[in-house]
């Protein structure tokens, strides 16, 4: 069709003049905000399709977008545009009559309305806009098929909550308005780049003259738009409250959004005057089983898999084998969204849709039974995954749990409220190793402490939970709390005559003493644990205690004893086939050699550890071996190699989600950058690591604090106090992704302008940076994969790069995403 600007040039050049074709579109009283790229895409799709159906949940802007697209394209059709509002029709058999009346087509003399329409439209070149087809889907589908088969110049643009499923149809899910990232503090000017914010501000200005987007309300406006999922109707209704509520008050009341978001236009259709009416309209169109599935799915927090949906939806009239089909129907009706998480389909509801479904669940009286099934499902999942967290597929299993954190949190809350302390303790105990590995120290400890507060029975499960709480407190350097919990666990294991548990906890208490610099007590505790392991004949435990004793000896400067103990631990681990024990002992031996300046032996041990880790797929061992090899290179003065090794180590820990180790590696990279006199980068990385440690609740361990302070103190005077503080603050202000990218690829130059990329390009690139494919990004943004590809091509051109990886790095480092 070509753009309107292109057509105007052609018309001026040829001297042609056009009379305006007939159009019966309703005039709009308010402005149309954003959607420029969507309009371009619709124009392209209508050029190649004769039936285009805009789908999406209620209030997403299907009608308004279709009206704007039709108005823009009216001159492309000799007979113009015909608009038909179907919401007022109540019966399928009235569709043809309703369309005929809207187009001014008369019938009689033996002609049916459908036949009269065919006669009227047959010779015409026209765009027919059928609005709100969902409640008359069969009639609309039949009429569209008949018209398109007999009227070669006709094209149909339809809006519906689900596709018509007519041959040749192209269904297009209307995306939400572009949203701000509420995790970052941005200026009002940057915030206004997002369509959802522009819509809120424009409608708020109409409701409250004098309203402006400023530093005081920017954060609240962003929260409103984010929590309303970028749904235009919801945002307009929220903005209408700006005359009586501040943006912050509106944001705080969104938990009761169906009471808040009322008072729409008096001349709007009844179902568009309140958010509740809009949701009710779609709900009434569902079958009984669809309604039951819809409300039961609301129990999920943060999405769900098909396996989980089958467990939760089955029962009370729904068979397990029906769930997939019912879920598919809810996806078709735009009530559930689907995307890929790795190679597994994952489903979710928009927050607004989920809150409505949750209210329906409460009304049904099923909340207790569905909540119980949900909590039990995730308890069994956590217990099933726990043994896998130390295996070769640990990353995949941790990613699985990471995706379910919202559901795990909801399950924990359910068990607490339902008075099921043992189930709560089981769940918290099954998850603490995951929280340890991913750096969720505070969250894991909160779960354990909450469960422990409700359960006082002297059971092995309680002893294990106490031990886990102690370890997580230890990792946060809360040594008092850690010692208290571990002593309680030790006492309980002793009462239960569980010598295995006693030995494990004693070793952890030895670790606390070691971290606090009390090496004599640490040695005493590890020797006591060693004696117990020997009595039990547990070779793994013996090797572990020997390893810890070697570590204590190394910290005390007893290098020969440290080497001897670590070698014994290594031999025993090899004999028992304990891969993790072998790797830990090799790293310990490498560290002893490193600090005795025997660099060749250190590298030999660490390379062996690295090779074994790679062979066994033990990624934690890979990351830590690389880290120590980076330290060896640093000590040998090979700063370039040190940075390469440390960056590779950081990438591994980032992929593992081990933020505790990532913070440590960031600090090592900061020290290396300082040694290379790149003081700005050094200060930024120290600042980023500082915030990361604060986020996960893991401060610099006391035994490392002196060295940490020495390094930062040596860098500060080289760059000046003011500049060091400024650049360190820059690092603290970075998102985690930007901080890690800065460390992994520090040499990308800054952008000349922050407006290089459009808002939609930033959104697309942000999802690509998360590792999503074009298809996955398209599903997340409700675009077509082709459109995502076009956005990426534009990004490559603007940034002067050729690949997704290069674009992500360049845009991240330039502060564009």
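What follows is calculated from the coordinates using simple rules that are stated; it is not laboratory data. Given the structure is predicted, the values throughout are model-derived calculations rather than measurements. All Cβ positions, glycine included, derive from the backbone under ideal geometry; neighbour counts span all protein chains shown.
Quick look at the numbers
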{"item": "Förster radius 30 Å - calculated FRET efficiency between residue 730 and residue 794, Cβ distance, rounded to 0.05", "result": "0.55"}
{"item": "Gyration tensor (alpha-carbon) shape descriptor, the stretch 188-277, a/c threshold 1.5", "result": "prolate"}
{"item": "Extension gain, residue 540 back to residue 319 (0.36 nm per residue minus Cα-Cα distance, nm)", "result": "74.8 nm"}
{"item": "Separation between Cα centres of the stretch 662-730 and the stretch 41-100, rounded to whole Å", "result": "59 Å"}
{"item": "Relative counts (whole %) of C-alpha pair distances in the stretch 407-465, using bins that are 5 Å wide", "result": "4, 22, 33, 25, 13, 3"}
{"item": "Per-peptide average of other Cβ atoms within 10 Å, ordering 47-53, 434-440 highest first", "result": "434-440, 47-53"}
{"item": "Column: log10 I(q)/I(0), Debye, Cα scatterers of the stretch 277-331, q = 0.27 Å⁻¹", "result": "-1.14"}
{"item": "Helix 367-385 vs. the chain, principal-axis angle (Cα, 0 to 90°, nearest 10)", "result": "40 degrees"}
{"item": "Cβ-Cβ FRET estimate between residue 380 and residue 714, R0 fixed at 45 Å, reported to 0.05", "result": "0.25"}
{"item": "Which of 708, 356, 414 has the fewest Cβ neighbours within 10 Å, and the rest in rising order", "result": "708, 414, 356"}
{"item": "Calculated diffusion of the stretch 298-373, Stokes-Einstein form, Kirkwood radius summed over Cα pairs, 37 °C and 0.692 mPa s, µm²/s", "result": "255 µm²/s"}
{"item": "Reported label for calculated mean projected area of the Cα convex hull in nm² given (1) 40.7; (2) 56.6; (3) 52.7", "result": "(1)"}
{"item": "Angle in degrees between helix 639-656 and the longest Cα principal axis of the chain, rounded to the nearest 10", "result": "60 degrees"}
{"item": "Cα→Cβ-extended label distance, 7 Å offset, between residue 499 and residue 307, nm", "result": "3.9 nm"}
{"item": "Longest to shortest principal axis, alpha-carbon extents of the stretch 393-439, angstrom", "result": "34, 17, 17"}
{"item": "Tensor-based shape of the stretch 496-744 (alpha-carbon gyration tensor, a/c under 1.5 rounded, otherwise prolate or oblate)", "result": "prolate"}
{"item": "Gap separating the Cα centres of the stretch 334-383 and the stretch 439-461, nearest whole Å", "result": "25 Å"}
{"item": "Separation of the residue 106 and residue 598 label points, Cα + 7 Å toward Cβ, nm", "result": "10.7 nm"}
{"item": "FRET E, pair residue 115, residue 49, Förster distance 25 Å, beta-carbon r, rounded to 0.05", "result": "0.45"}
{"item": "Packing-based ranking, highest mean first, of 550-560, 361-371 given that Cβ atoms within 10 Å are counted", "result": "550-560, 361-371"}
{"item": "Percent of Cα-Cα distances greater than 13 Å, calculated over the stretch 456-516", "result": "52 percent"}
{"item": "Structure-based [θ]222 nm, the chain - -39500 (n - 2.57) summed over DSSP H runs of at least 4, per residue, nearest 500", "result": "-20500 deg cm²/dmol"}
{"item": "Residue order, fewest to most surrounding Cβ atoms within 10 angstrom, among 601, 614", "result": "614, 601"}
{"item": "Ordering of 68-81, 103-116, 225-238 by burial proxy (mean other Cβ atoms within 10 Å per residue, highest first)", "result": "225-238, 68-81, 103-116"}
{"item": "Rg/Rh (Cα only; Kirkwood hydrodynamic radius) as it applies to the stretch 22-158", "result": "0.95"}
{"item": "Taking 134, 615, 449 and counting other C-beta atoms within 10 Å, the order from fewest to most", "result": "615, 449, 134"}
{"item": "Between 0 and 90°, nearest 10: helix 421-438 axis offset from the chain longest Cα axis", "result": "80 degrees"}
